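**Student:** The following block contains the structure, expressed as structure tokens.
The values are calculated or read from the model by the stated rules, or taken from the named source; none is laboratory data. Treat the numbers as computed from the prediction; the structure is a model and nothing was measured. Counting neighbours? That spans all protein chains shown, and the Cβs are built from the backbone with ideal geometry, glycine included. Only protein heavy atoms, including side chains, enter the accessible area calculation; ligands, DNA and RNA are left aside. Shrake-Rupley method; radii C 1.70, N 1.55, O 1.52, S 1.80 Å.
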Amino acid sequence: MSDVKSPTEIRFYHLQRMPVERALGMILQRIMDRGQRALVYGGLPAHLASLDKALWADSPNGFLPHGLAGDAAAEAHVADQPIWLTGQLSTDGVPPNAADILLQIDGATADAAAIGPYAMCCDLFDGQNEQAVADARQRWVNYRDAGFALSYWQEAPNGGWEQKAAHSPDA
């Protein structure tokens, strides 16, 4: 078990029908509704750029205020951004926008120490991609072995989420 202070939970979201942009928009809206802040960590710069546009135009409530790493104007005010899209986590372990929640997309994987500052981590993966599913399973094992509480959520036929599995480090 790691000496890292574990977040309450790492949630895995298995997307089966919904594109990541839609799922991410729904989850980010809930985070904002609770008065929390989020950092979206993805490994594909082109996808982050398309998410940037989608969050301004296609979100359920019109738009979700956010900034994109690499945008000089947004970076000048990163501390004010309730949602921050980035391809890199900070090296000092401090979320640049004081985010409460880390969302991992496109197979981006934070190590246990990088997850420590967040209250929760959500890992969204494409269930139609066999490699993405295999990679998510490996992340589950790695996070379980690091002592994190885990839950696995699968997209339900009605568009909601059903919890299918959980792991408590105390078990």
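**Student:** Of everything in region 131-148, what is within 14 Å of His14 (Cα to Cα), open to solvent by 80 Å² or more (accessible area, probe 1.4 Å) and either touching a helix residue (DSSP H, G or I) at 6+ places or on another chain (Cβ under 7 Å) or charged (D, E, K, R) (or both)? Give them in sequence order.
**Tutor:** Across region 131-148, the qualifying residue is only Arg137.
**Student:** How many residues does region 21-59 contain that are part of a strand (DSSP E or B) and hydrophobic (A, V, I, L, M, F, W, C)?
**Tutor:** 3
**Student:** From the set of residues in region 72-82 that are assigned to a loop (DSSP other than H, G, I, E, B) and over 17 Å from Arg30 (Cα atoms), which is least open to solvent (accessible area, probe 1.4 Å)?
**Tutor:** Ala76
**Student:** Here's something else I'd like to know. Does at least one position in region 57-71 carry a residue that is out of contact with any helix residue (DSSP H, G or I) (no Cβ under 7 Å at 6 or more places or on another chain), open to solvent by less than 60 Å² (accessible area, probe 1.4 Å), of a type in the set (Ser, Thr, Tyr) and touching a residue at least 24 places away in the same chain (Cβ under 8 Å)?
**Tutor:** Taking every residue of region 57-71 in turn, none turns out to be out of contact with any helix residue (DSSP H, G or I) (no Cβ under 7 Å at 6 or more places or on another chain), open to solvent by less than 60 Å² (accessible area, probe 1.4 Å), of a type in the set (Ser, Thr, Tyr) and touching a residue at least 24 places away in the same chain (Cβ under 8 Å).
**Student:** Could you tell me which residue of region 91-130 is surrounded by the most Cβ atoms within 10 Å (Cβ to Cβ), considering only residues that are without any contact (Cβ under 8 Å) to a residue 40 or more places away in the chain and in contact with a strand residue (DSSP E or B) (Cβ under 9 Å, 6 or more places away or on another chain)? Before you say what the answer is, go through the steps one by one.
**Tutor:** Keep residues of region 91-130 that are without any contact (Cβ under 8 Å) to a residue 40 or more places away in the chain, which gives 91-94, 109, 111, 114, 117, 129-130.
The next check asks that each one be in contact with a strand residue (DSSP E or B) (Cβ under 9 Å, 6 or more places away or on another chain); those that pass are 109, 114, 117.
Details: Thr109: 17, Ala114: 18, Pro117: 20.
If we take residues in region 91-130 being without any contact (Cβ under 8 Å) to a residue 40 or more places away in the chain and in contact with a strand residue (DSSP E or B) (Cβ under 9 Å, 6 or more places away or on another chain), then Pro117 is surrounded by the most Cβ atoms within 10 Å (Cβ to Cβ).
**Student:** Which of the residues belonging to region 149-171 are assigned to a loop (DSSP other than H, G, I, E, B) and open to solvent by 40 Å² or more (accessible area, probe 1.4 Å)? First the steps, then the outcome.
**Tutor:** Applying the first criterion (assigned to a loop (DSSP other than H, G, I, E, B)) to region 149-171 yields 149, 156-160, 168-171.
Within region 149-171, Pro157, Asn158, Ser168, Pro169, Asp170, Ala171 meet the criteria.
**Student:** Do we find that Leu85 is among the aliphatic types (A, V, I, L, M) and open to solvent by less than 20 Å² (accessible area, probe 1.4 Å) in this structure?
**Tutor:** In short, yes.
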